[in-house]
Structure formats: C-alpha cells, structure tokens
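The values are calculated or read from the model by the stated rules, or taken from the named source; none is laboratory data. Small disclaimer: the values here were computed from a predicted structure and weren't measured. Please note: Cβ atoms are built from the backbone with ideal geometry, for glycine as well, and neighbour counts cover all protein chains shown.
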C-alpha cells in the first residue's frame, strides 16, 4: 500500500489526464473542445512539450481531473461531442480546420510583434508549407492590410490596394502624392500592419521600384510591415535593396511539420501503420513533402471513407485518394 501511495503522489498532472483519456476513450481534440483550449496546446502539454506559461491550462486540467474523480456528469464523453456537432457515432471525424503547428504560431507571433511595435519582418517558406493560410488568418484581425503580390503588379496597383484596404477615397494624383497621403493616414491612425505576401514576385534585376515603394512608406509612416514569400525573397532583398534588408527586425523561415505534428493532425482517425508512414512522408519528404500535400491527401481520404462507409485508413485508401490528385 505504501508503494502505491508513493506512486500516486509522484504522478504528474499530464500523466493523470492521459490515464483518464485512455480510460474513457476520449481524444485530446475532444478534451480541448470541452475545456475551450486550443488543440495544439493540449497536445503539447500532455506530451511534455508545452513551452508557454502553463498556469491557465493546468488550472483547467486540474478541474477536469477533479470532476472526473468526483464522478461528476460534467465530464463529457466522446458521444456527447458527436451529438453536439450533429455527427453520427462511428462516422469519419471532421478535419481540423485550423491546425496550430509551430510554424503557424511563429507566423502569428511575427505579425503580432510587427503590428504592435510598428516593426519590419520577413517570413519565407517553400510553397505549400502553410504560410499564406496563417497570414490570411492573421489578416482577419483589426487594422491589418493583406496584399498578395504578383509579377504584373505595378506601383499604382499597390497604392490602389492600400487605399482600398484603409477606406481612403481613390485619388488620381502622382504616385508620390498618393504615397504621401497614405503615410499621413498611417501617422494619424497608428496601429496598422501591412502584410505583403508573395513579395518575391515584386523584385528582380529589372525593377526594384515596387519594393522601394513599400520601404518609402515604412520610412515615413508609423506602420508595421511583413514581407512574405519564397526563400529566394531573402537573397533578392539583400541583393537589390540591402538598406531595406538591414532594417528587418524579425525573421522566420518555416520548418514544416514535425513527425509529432503530423500525428497530432491525424489524431482521431483509425490509420494503419503503413498508411501513417505514407502520410508522414507526404508531409515531410525533402522533395515534395509539405502541409498542403498532407491536407489534400486527407481531404480525399475522408471523401473515400464517407462514400464507402469505411472508417479505417489503409494504403489502399491512400492509393485511391492519390488517383484523384495530380502528384
């Protein structure tokens, strides 16, 4: 009995929660929904990898454990979640719409810092890593201007987009005159952030005027700016506008999903070992692996499972999903 007492005293909160989840067959996602905590935060804490202040999440987890130990009915079982979401027990689990990976959290952090401090930041990533998704998510915040660059865009296009985003009446003066009005607006209405996505498409050896326009705005205005694009953006900026590159306060290069994050993203699905390895490869292999390929594959897998009435993800299902895609 004494040995048992010692073990009980030494068990951690994360271990106790994991034990309860296993006993009642509740997933981490369902626990996160019940406690109104992000799914990634719950997963990181229960896996011993939570780097933020744990006080808030630990308080809710202790309440969860206490409720369970008392036998209270407030501990919802998986069936309760399925009924609440109008899902049929045993149906295919809905996909996570907003997965908070390390890359996602870092992008949001850079944007927030640039907006709060009126600073300059640069974010680079290969296509498909989830950069644009995270930037667009942050762009739903107040006083955030999101613009996606392209090769055909000129300085007037950039000015016109900024004017439209801030509700400024479109003028027909020179680029310099319109730029001055934008600068004046930002100095009066502080707290704005400009996100220029695909910024690498605005600068090349033939023209630097578009990137110089953004530099002129940040030189004169109290406004934050995040430039985002392919990895080549960093070298282009250093080559053609070194002064701008040297002023960058924040820099982040997306790393892609870890193996643990892939497993977290797929938690709740019944996946055979070989199929899981294929998912991991599609997310992480150095040639074509990325979040987008993982997500597209999962979308098609879910369609096949629903259409066939299956619940287990096998290599055959992934092969069928692949036939629906251009790889």
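Evaluate the following for residue 221: is it at pLDDT 95 or above and within 29 Å of residue 130 (Cβ to Cβ)?
So residue 221 does not fit the description; no.
May I ask you to list pairs of residues, at least six apart or on different chains, whose Cβ atoms are under 7 Å apart, with the first in segment 155-181 being free of Cβ contacts under 8 Å to residues at least 12 places away in the same chain and the second being in a loop (DSSP other than H, G, I, E, B) and surrounded by fewer than 16 Cβ atoms within 10 Å (Cβ to Cβ)?
160/170
Within segment 250-267, take every residue that is closer than 9 Å to residue 284 by Cα and touching a residue at least 60 places away in the same chain (Cβ under 8 Å) and give me the one that is surrounded by the most Cβ atoms within 10 Å (Cβ to Cβ).
Looking at the filtered set, the residue picked out is 257.
Would you mention how many residues in segment 273-313 are over 20 Å from residue 261 (Cα atoms) and in contact (Cβ under 8 Å) with a residue 40 or more places away in the chain?
Residues in segment 273-313 being over 20 Å from residue 261 (Cα atoms) and in contact (Cβ under 8 Å) with a residue 40 or more places away in the chain: 4 in total.
Any idea which of (1) crowded, with 21+ Cβ neighbours inside 10 Å; (2) part of a helix (DSSP H, G or I) is the one residue 112 doesn't satisfy?
(1)
One line per residue, one yes/no per condition, for (1) touching a strand residue (DSSP E or B) at 6+ places or on another chain (Cβ under 8 Å); (2) within 21 Å of residue 294 (Cβ to Cβ):
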residue: 202; (1), (2): yes, no
residue: 212; (1), (2): no, no
residue: 220; (1), (2): no, no
residue: 262; (1), (2): no, yes
residue: 274; (1), (2): no, yes
